[in-house]
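Here is the structure we will look at, set down as structure tokens.
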Amino acid sequence: MLNEWPLWEVFIRSQTGLAHRHVGSLHAPDAEMAMNNARDVYTRRNEGVSIWVVRSADIVASCPFEKDSLFEPADNKVYRHPTFYPMPEGVKHI
Amino acid sequence: MRAPLSQSATRELPPTVGDGGKMAEVETRFQADFDASISASIKIEPTDWMPEGYRKTLIRQMSQHAHSEIVGQLPEANWITRAPSLKRKAILLAKVQDEAGHGLYLYSAAETLGTSREEMVADLLSGKAKYSSIFNYPTLTWADVGTIGWLVDGAAIINQIPLCRCSYGPYARAMMRICKEESFHQRQGFEIMMRLSNGTAKQKAMAQDALSRWWWPSLMMFGPPDVESANSAQSMKWGIKLFSNDELRQKFIDQTVPQADYLGLGIPDPELHWNNERGHYDFGPIDWDEFYNVIRGNGPCNHERLRVRRKADEDGAWFREALAAHAQKCASRDGLAAAQGAPC
């Protein structure tokens, strides 16, 4: 029976002003039950002011074996960081 | 079940790995990356390559841990309707609900390794999977509820805090949530013990009786002595286990004995005494025959616990089916409405 219930990922906004953050997952037959279960399982101690539930199957994830080709190009562009540009002692506010 | 997030790791191997020697070569490279991550304390995540043994060990350990949380509800649930006041009843309800939540965090974390909830639950109900032997002891009086919170949850905290730093990301994150919630469990137990210890002679005797029965089983919660612990060395190498069973047991004793002293209760071990040289308490031998006997299924409540779990599973089947049927009906109605251009 349980394997007919899809998996849902749960995201919680802990307070307004902050982004929703992934907190875990659960099984539920539909969105309404997923929301109910997320509230019971993940917000028993005021952990949130807003909940998102998303079917896990709807999440597209990057492939771990493409990690190098995806993220390495960012590694060798030190000039994208302000620390790449040394500023002289006397120059302020920059 | 969790195809998009965990199984893609094996599915999306580069196509070249199918041919002969290249497979072994790729394996070796993955193993080297894995070893490097472990030694640099970089967490392993569901989509990362991991050795089969690591995956299996984690599935076994995490599902056993989840089962323990679920079965652990039963000894205390016996007392929800018998709690001595509305306040105690509300507290106990909240604690038992937390245990259910802890079980769910852990089942979810275990599922990221490619096992399914259904398999894990089936293994628990069939008796194939184990859970902590402590929950096969009965809760005879209200003082048992206090003692479970104080000793059993106390021992669990000592076991679990290091797991917040374990090498598998989802397990470590689940443990952080659990540890945050666990401290309330231990304190409410100790508070019950304080009230009983400061109560009538009869109440204090009840507290002493509970401590006397739960002390040794609590020490067994840390598992067999290091010399007999079969999987410990490998688990330590993998960063799944950070301290040995005996180290954790000693830590528990050292911090619990002064708490018992405070309560004015006696620990049922004539050999227990402070060893100045070691800076630890020395303690008497543990009856490991009892431990193995309970694990083999012959504890006082093994049959009762599984009977109750199976009954809950069977009694809830119609409801789970109804929920699934309702979801299916709504989905097909929404689908039809969408096809006809009506708003859902």
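For this structure, a couple of remarks:
- Checking B:Ala260 against (1) among the hydrophobic types (A, V, I, L, M, F, W, C); (2) in a helix (DSSP H, G or I); (3) surrounded by fewer than 17 Cβ atoms within 10 Å (Cβ to Cβ), the condition it does not meet: (3)
- Residue count for the stretch B:62-82 under the criterion of being surrounded by fewer than 18 Cβ atoms within 10 Å (Cβ to Cβ) and either touching a residue at least 40 places away in the same chain (Cβ under 8 Å) or farther than 23 Å from B:Ile178 by Cβ (or both): the result is 3.
- Selection count, the stretch B:40-56, where residues are in contact with a helix residue (DSSP H, G or I) (Cβ under 7 Å, 6 or more places away or on another chain) and either within 21 Å of A:Gly24 (Cα to Cα) or surrounded by 15 or more Cβ atoms within 10 Å (Cβ to Cβ) (or both): 8
- Scope the stretch B:40-84; condition assigned to a helix (DSSP H, G or I) and of a type in the set (Val, Ile, Thr); matching residues: B:Thr57, B:Ile59, B:Ile70, B:Val71
- Residues satisfying the stated conditions in the stretch B:112-130, i.e. β-branched (Val, Ile, Thr) and assigned to a helix (DSSP H, G or I): B:Val121
- Qualifying positions in the stretch A:47-87 - within 30 Å of B:Asp98 (Cβ to Cβ), assigned to a loop (DSSP other than H, G, I, E, B) and of a type outside the set (Asp, Glu): A:Gly48, A:Val49, A:Ile59
- Answer residue from the stretch A:19-46, given it is in contact with a Lys or Arg (Cβ under 9 Å, 6 or more places away or on another chain) and in a loop (DSSP other than H, G, I, E, B) and is nearest to the other protein chains (Cβ to nearest Cβ) among those: A:Pro29
- Members of the stretch A:9-18 found to be touching a residue at least 12 places away in the same chain (Cβ under 8 Å) and assigned to a loop (DSSP other than H, G, I, E, B), listed by number: A:Ser14, A:Gln15, A:Thr16
- Against the numbered list (1) touching a Pro at 6+ places or on another chain (Cβ under 7 Å); (2) more than 12 Å from every other protein chain (Cβ to nearest Cβ); (3) crowded, with 17+ Cβ neighbours inside 10 Å; (4) not hydroxyl-bearing (Ser, Thr, Tyr), B:Ala156 comes up short only at (1).
- Here the stretch A:47-67 is the region considered, the condition is being free of Cβ contacts under 8 Å to residues at least 24 places away in the same chain and either more than 13 Å from chain B (Cβ to nearest Cβ) or surrounded by 10 or more Cβ atoms within 10 Å (Cβ to Cβ) (or both), and the residue that is farthest from B:Lys95 (Cα to Cα) is A:Glu66.
We did not get these values from a lab; they are worked out from the coordinates using the rules stated. Note that the structure is a prediction, hence the values are computed from the model and not measured. Note: ideal-geometry Cβ built from the backbone for every residue, glycine included; neighbour counts use all protein chains shown.
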